[in-house]
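Trainee: Mind looking over this structure? Questions follow.
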Amino acid sequence: MEDKQYEELLKKIKARQPLNTEILDEVMHSADIVSVLDEDEITDEDLKWFFSANNKEFLADVLEDADDELQSRVVHQLDYADIIKIFSYMPKDEIADILGDLPIGQRKQLLNMMKASDSRELRVLLGYRDDTAGGLMTTEYIALYQDLTMYQALAKIREIAPKTEVISTIFVLNRSRQLVGWADLRDILSADPGLTIGDIMDSHVITVDPLMDQEDVAQVVRKYDLTALAVVNRRHSLLGVITADDIMDVMVDEQTEDILHMGGVSGQEEIGGPIAVSIKRRLPWLIVNLVTAFIAASAISLFEGVIEQVVALSSIMTIISGMGGNAGSQTLSVAIRGITLGEINLKDDWKLVFKEILLGLLDGALIGLITGIIVSLRYGNAYLGVVTILAMVGNLIIAGIGGYLIPLILEKAGQDPALSSSIFLTTLTDTFGFFIFLGLAQLFLPLLT
């Protein structure tokens, strides 16, 4: 998008100038229009004018691309009649997401104003949590009976296609409305007109339960390389379909949440959010971090006499603990990725910890040797270098074990494997790093002084 177009649209909205939405739709993507509407200069009154005065089908695309906060602002500014008109051009799952964030009273009023069939579908979608397969699915898909001929099937597709999200994948039902297979639109177009849908369908259809967690749903889509995933009930009746674009959103959300959790921050916090919310989300984990810091400090206090006799230990021990933290973070990142992709779990893959032990031994020996040589030359004491090498090896082994097992244990306990793993890992590597290094220094003390 060009800056000139961006500025022109911003000025027109502020000046309430009429917009030619057909031309605007051609020159600007709806996501770019959302960026303009997100500007600080755009007031609630500006939003109300923009979404009241323009083509509702065009506005539906814009509202669909908006984030939750902007959607909420828009809906709270508009008359119910305008909202209903815009909703009529939007996918049901997107409408359900917006309605789910509204107060119950406002949600009920909007549902009561809609067509009975639309309201019924939305009430079903709203019955599921946002982070489940049922909360992700859309009811706008094409499902055909297996006994339809190609000619009948194409007629139905032409009738339904303008009102659906998924068209490339056609789901196939028996006369009891149970899902029995799927067919690709390309196969239907190229098939002999005398064949039925049942003749060309693939009966190996992948399905999920509506209560499945969204992260598990994303793994299913990735594993089977699906563009559309069927959601069925216990009778194997088709309830809805999850599309690839929704899965992409899930993956982004889960990745963001994991990154924030690794730092002890809630996924619900935003950088520009209220300071009270930030304090509420961060303070508990800072307190946990403070407690763990005292645990690490207590390891140092056990060896205060040793440090007093060999002052050089105070600077070297930070190198040992720091390298342990870095090595552990590398293992932690790989482990969390494996858990997220469903590649590892504690029950089946705990033995892989021996690989991390070996890796810690080899990396520790190499890094320790480099560090030990530098320490020996710096302080003129070869025994201090030996202590450094041994401590480095020990701490990197601990780092590998912790980085691998901590997220697996958290997952086994039913917690997010990224949930502040780094805080626990840092405590482990600091405490053991100090303890191993200073403990070895105490053993070698006559040779260090």
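The values are calculated or read from the model by the stated rules, or taken from the named source; none is laboratory data. Since this is a predicted model, take the numbers as computed values, not measurements. Neighbour counts are summed over all protein chains in view; Cβ atoms, including those assigned to glycine, are modelled from backbone coordinates with ideal geometry. These accessible areas exclude ligands, DNA and RNA; they are computed on the full protein's heavy atoms, side chains included. Shrake-Rupley method; radii C 1.70, N 1.55, O 1.52, S 1.80 Å.
Trainee: If you count only protein heavy atoms and use a 1.4 Å probe, how large is the accessible surface of GLU304, to the nearest 10 Å²?
Mentor: 110 Å²
Trainee: Let me ask something else. Hey, what's the range 112-221 come to in accessible area per residue, 1.4 Å probe, Å²?
Mentor: 53 Å²
Trainee: Of the cross-linked pairs LYS355/LYS412; LYS280/LYS355; LYS108/LYS156; LYS108/LYS412, which ones have a Cα-Cα span greater than 28 Å in the structure shown? Show your work: numbers first, answer last.
Mentor: On the way: LYS355/LYS412 21 Å; LYS280/LYS355 39 Å; LYS108/LYS156 33 Å; LYS108/LYS412 40 Å.
The answer is LYS280/LYS355; LYS108/LYS156; LYS108/LYS412.
Trainee: Quick one: accessible area per residue over the range 273-445, 1.4 Å probe, rounded to a whole number of Å²?
Mentor: Roughly 52 Å² per residue, with all protein chains present.
Trainee: Right, next: Order TRP182, TRP49, TRP350, most accessible first, counting only protein heavy atoms with a 1.4 angstrom probe. Show your work: numbers first, answer last.
Mentor: Details: TRP182 80, TRP49 50, TRP350 115 Å².
From most exposed to least exposed: TRP350, TRP182, TRP49.
Trainee: Could you run the Karplus curve 6.51 cos²θ - 1.76 cosθ + 1.60 with θ = phi - 60° over the range 125-140 and give me ³J(HN,Hα) per residue in whole Hz, x for Gly and Pro?
Mentor: Listing the rounded values in order: 4, 5, x, 9, 5, 4, 9, 10, 4, x, x, 8, 6, 10, 9, 9 Hz.
Trainee: Hey, another quick one. Sorted from largest to smallest, which semi-axis lengths in Å does the alpha carbon gyration tensor of the chain give for its equivalent ellipsoid, taking the root of 5 times each eigenvalue? Spell out each step's value before the answer.
Mentor: Details: eigenvalues 638, 181, 70 Å².
Rounded to whole Å, the semi-axes are 56, 30, 19.
Trainee: Name the residues whose placed amide hydrogens come within less than 5 Å of the amide hydrogen of GLY240, ignoring near sequence neighbours (fewer than 5 apart) on the same chain.
Mentor: Close amide H contacts, sequence-distant or interchain: VAL231.
Trainee: Rolling a 1.4 angstrom probe over the protein chains, ignoring ligands and nucleic acids, what is the accessible area of TYR145 in square angstrom, nearest 10?
Mentor: 60 Å²
Trainee: For the range 273-445, what class follows from the C-alpha gyration tensor (a ≥ b ≥ c being the square roots of its eigenvalues): rounded when a/c is under 1.5, otherwise prolate if a/b is larger than b/c, else oblate?
Mentor: Because a/c hits 1.5 or more and a/b fails to exceed b/c, the range 273-445 counts as oblate.
Trainee: Ignoring everything but the protein chains, give the 1.4 Å probe accessible area of ARG175 in square angstrom, nearest 10.
Mentor: Its heavy atoms expose roughly 150 Å² to the probe.
Trainee: May I pose another question? Along Cα→Cβ, 7 Å out, is where each label goes; now give me the distance between the ones at SER237 and PHE294 in nm to one decimal.
Mentor: 5.8 nm
Trainee: Right, next: With n ≥ 4 as the cut-off for DSSP H runs, can you work out [θ] at 222 nm for the chain, using -39500 (n - 2.57) per run divided by the number of residues, rounded to the nearest 500?
Mentor: About -21000 deg cm²/dmol.
Trainee: Among 162-173, 435-446, how do they line up from the highest to the lowest mean number of other beta-carbon atoms within 10 Å?
Mentor: So the order, starting with the most tightly packed, is 435-446, 162-173.
Trainee: Of the accessible area of the chain, with the probe set at 1.4 angstrom, what percent is carbon plus sulfur? Write out the running numbers ahead of the final one.
Mentor: Values: 13470 of 23730 Å².
Solvent-exposed carbon and sulfur of the chain make up 57 percent of the total.
Trainee: When only C-alpha pairs under 8 Å and at least 6 residues apart count, what is the relative contact order of the chain, in percent?
Mentor: Rounded, it is 11 percent for the chain.
Trainee: Turning to a different aspect of this structure: So for the range 1-126, considering every pair of alpha-carbon atoms, how many percent are separated by more than 23 Å?
Mentor: Numbers: 2273 of 7875 pairs.
That fraction is 29 percent.
Trainee: Oh, and also: Give the angle, between 0 and 90 degrees and rounded to the nearest 10, that separates the Cα long axis of helix 150-160 from the longest principal axis of the Cα atoms of the chain.
Mentor: Long axis of 150-160 versus the principal axis of the chain: about 80 degrees.
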